[in-house]
Amino acid sequence: MQTALEQYDPQIYELIRQEAARESGAIRLIPSENYVSKAVMVASGSCLTNKYAEGYPNRRYYEGQQVTDLIEKLAQERAKKLFKADHANVQPYSGSVANMAAYAALVDPGETIMGMSLVHGGHLTHGWKVSLTSKFFHSVSYPLNIETGRLDFNIIEELAKEHRPKVIISGATAYPREIDFEIFGRIAKDVGAYHVSDIAHIAGLVVAGIHKSPVPYTDIVSTTTHKTLRGPRGGMLLCKEELAKQVDKAVFPGLQGGPHMHTLTAIAVALAEADTPEFVAYAKQIVKNAKALAEKLLEYGFDLVSGGTDNHLILIDLRNKGIPGKKLAKALDRARIVSNYNTVPGDPAPPFNPSGLRIGTPAITTRGMKEPEAEQVAFFINKVTENIDNESVIEQVGKEVLLLCSQFPVPDHFIIPGKNNR
Ligand code: DSN
């Protein structure tokens, strides 16, 4: 396959090779990224990309669904078993579409939804002002408690009583602490709202039993299938049986046409992988690594939002270091450490040049790194921070990072035959 690509499109082949080399030779700390298994990669690049399958198993608008129906049913069954849910829709193209479909299933245009403010850690699609979710629906955002960096259920309850939203969204994209979905469910019930949980970031921790599942307390659970779940880039919705029809109709024909069957097939594979003791051990190690990294960063004098982490991610407030998030993220990138700059709760700076840095451990854990390596990563981050304008130190850190990476190789399929891409 790779030979064919090299032969027919050497330019793209070369760019893929460069990306494989980049991913292999860097410490990737973006908490929403990971390395998928070879099995997921193979399913993702399979002939299922050739097939249109509008509709659902046994109810399609195109013929030739002898195999696709079996694959989709398998993916649904695996998702239901893993998340202990009545119903699963495995078709959403991504988390954004999954969220939009969840709202569309429950809310009419113009009605109110309420989610975490983007600048406090919520996702764009939780009703942020530039997202269509705030244009189709009336959106109210809840903040975190600025002092603690944590969810404050008094604030959330007060806002819910004042605005009477039709949907309350729990879940986040940059929140380092465990979320109490039960309280969210109770508040939603009290104000007559539906409760939608977006567990895109923590899905792997939920299936491993490390974080409490929102399924019993939520009307619809939305997730991506990559991040800590370590599948291909896709989305998924889980719900009780009574909402199944509404959810399915919202995804197709409400928002999407034909599902991307190659992705859906790879999701099925990832769900099987996640249903193993090895995956549980992996997910536990993600959190252990994040805690070790956080502890060491605290020792180096970094200010962490909420003072630490319960999950796979850490949000560093860089204001005490006097370095903007973007400047540090770019310097770290030059040292082969890949992160993303991020707002912190109460950030006076704008989202495109914020005061924080978001990092996480799913990808380094897949490489087999453990607590000592997580501490070494903290050492590298501190070294770059202390030498932010010293390119020769940054270059030296980059060499040390490369050495560490060579000791923890990425999954085999990243190696393109005949090419040294390490
Ligand atoms: N962009 C994803 C993240 O990095 O958290 C969320 O969609």
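For the condition of a type outside the set (S, T, N, Q), open to solvent by 30 Å² or more (accessible area, probe 1.4 Å) and under 26 Å from Ala250 (Cα atoms), what is the one hit in Pro10, Pro109, Pro92, Pro57? I'd like the intermediate steps shown before the answer.
Working: Pro10 fails: under 26 Å from Ala250 (Cα atoms); Pro92 fails: open to solvent by 30 Å² or more (accessible area, probe 1.4 Å); Pro57 fails: open to solvent by 30 Å² or more (accessible area, probe 1.4 Å).
After ruling out the rest, the residue left standing is Pro109.
Give the residues of region 77-89 that are open to solvent by 40 Å² or more (accessible area, probe 1.4 Å) and either within 16 Å of the ligand (Cβ to nearest atom) or part of a helix (DSSP H, G or I) (or both), sorted by residue number.
Applying the first criterion (open to solvent by 40 Å² or more (accessible area, probe 1.4 Å)) to region 77-89 yields 77-78, 80-81, 84, 86.
Answer for region 77-89, where residues must be open to solvent by 40 Å² or more (accessible area, probe 1.4 Å) and either within 16 Å of the ligand (Cβ to nearest atom) or part of a helix (DSSP H, G or I) (or both): Glu77, Arg78, Lys80, Lys81.
Assess whether Lys227 counts as being without any contact (Cβ under 8 Å) to a residue 24 or more places away in the chain and either open to solvent by 30 Å² or more (accessible area, probe 1.4 Å) or within 16 Å of the ligand (Cβ to nearest atom) (or both).
Numbers: without any contact (Cβ under 8 Å) to a residue 24 or more places away in the chain: no; either open to solvent by 30 Å² or more (accessible area, probe 1.4 Å) or within 16 Å of the ligand (Cβ to nearest atom) (or both): yes.
The answer is no for Lys227.
Do we find a residue being in contact with a Ser or Thr (Cβ under 7 Å, 6 or more places away or on another chain), within 16 Å of the ligand (Cβ to nearest atom) and open to solvent by less than 70 Å² (accessible area, probe 1.4 Å) anywhere in region 39-49?
To start, the set of residues in region 39-49 that are in contact with a Ser or Thr (Cβ under 7 Å, 6 or more places away or on another chain) comprises 43-44, 46, 48.
This time we only want the ones that are within 16 Å of the ligand (Cβ to nearest atom), so: none.
There is no residue in region 39-49 that is in contact with a Ser or Thr (Cβ under 7 Å, 6 or more places away or on another chain), within 16 Å of the ligand (Cβ to nearest atom) and open to solvent by less than 70 Å² (accessible area, probe 1.4 Å).
Just to be sure, is Pro372 open to solvent by 30 Å² or more (accessible area, probe 1.4 Å) and outside any helix (DSSP H, G or I)?
Working: open to solvent by 30 Å² or more (accessible area, probe 1.4 Å): yes; outside any helix (DSSP H, G or I): no.
So Pro372 does not fit the description; no.
Within region 180-201, take every residue that is open to solvent by 20 Å² or more (accessible area, probe 1.4 Å) and part of a loop (DSSP other than H, G, I, E, B) and give me the one that is nearest to the ligand (Cβ to nearest atom). Let's see the steps before the verdict.
Let us first name the residues in region 180-201 that are open to solvent by 20 Å² or more (accessible area, probe 1.4 Å), namely 180, 182-183, 186, 189-190, 192, 194.
With part of a loop (DSSP other than H, G, I, E, B) added as a condition, the list becomes 180, 192.
Working: Asp180: 21, Gly192: 29 Å.
Going through the qualifying residues, I end up with Asp180.
Pairs under 9 Å by beta carbon, first residue part of a helix (DSSP H, G or I) and at pLDDT 95 or above in region 25-52, partner open to solvent by 30 Å² or more (accessible area, probe 1.4 Å) and within 16 Å of the ligand (Cβ to nearest atom), six or more apart or different chains?
Val40/Arg230; Ser44/Arg233
If you take the residues of region 147-177 that are loosely packed, with under 15 Cβ neighbours inside 10 Å and outside any loop (DSSP other than H, G, I, E, B), which of them is nearest to the ligand (Cβ to nearest atom)?
At the first step, the residues of region 147-177 found to be loosely packed, with under 15 Cβ neighbours inside 10 Å are 147-148, 154-155, 158, 161-162, 164.
So of that shortlist, the ones also outside any loop (DSSP other than H, G, I, E, B) come out as 154-155, 158, 161-162.
Details: Asn154: 27, Ile155: 23, Glu158: 27, Lys161: 29, Glu162: 28 Å.
In this case the residue turns out to be Ile155.
Find the residue count for region 91-107, including only residues that are assigned to a loop (DSSP other than H, G, I, E, B) and either more than 16 Å from Leu243 (Cβ to Cβ) or free of Cβ contacts under 8 Å to residues at least 12 places away in the same chain (or both). Step through it out loud before you land on a result.
In the first step, residues of region 91-107 are kept if they are assigned to a loop (DSSP other than H, G, I, E, B); the result is 91-94, 107.
Now restrict to residues that are either more than 16 Å from Leu243 (Cβ to Cβ) or free of Cβ contacts under 8 Å to residues at least 12 places away in the same chain (or both): 93-94.
Here the count works out to 2.
Just to be sure I understand, how many residues within region 126-146 are buried (at least 18 other Cβ atoms within 10 Å of the Cβ) and in contact (Cβ under 8 Å) with a residue 40 or more places away in the chain?
Within region 126-146, residues that are buried (at least 18 other Cβ atoms within 10 Å of the Cβ) and in contact (Cβ under 8 Å) with a residue 40 or more places away in the chain number 4.
The values are calculated or read from the model by the stated rules, or taken from the named source; none is laboratory data. Owing to the predicted nature of the structure, the values given are computational and were not obtained by experimental measurement. Note: ideal-geometry Cβ built from the backbone for every residue, glycine included; neighbour counts use all protein chains shown. SASA here: full protein model, heavy atoms, side chains in, ligands and nucleic acids out. Shrake-Rupley method; radii C 1.70, N 1.55, O 1.52, S 1.80 Å.
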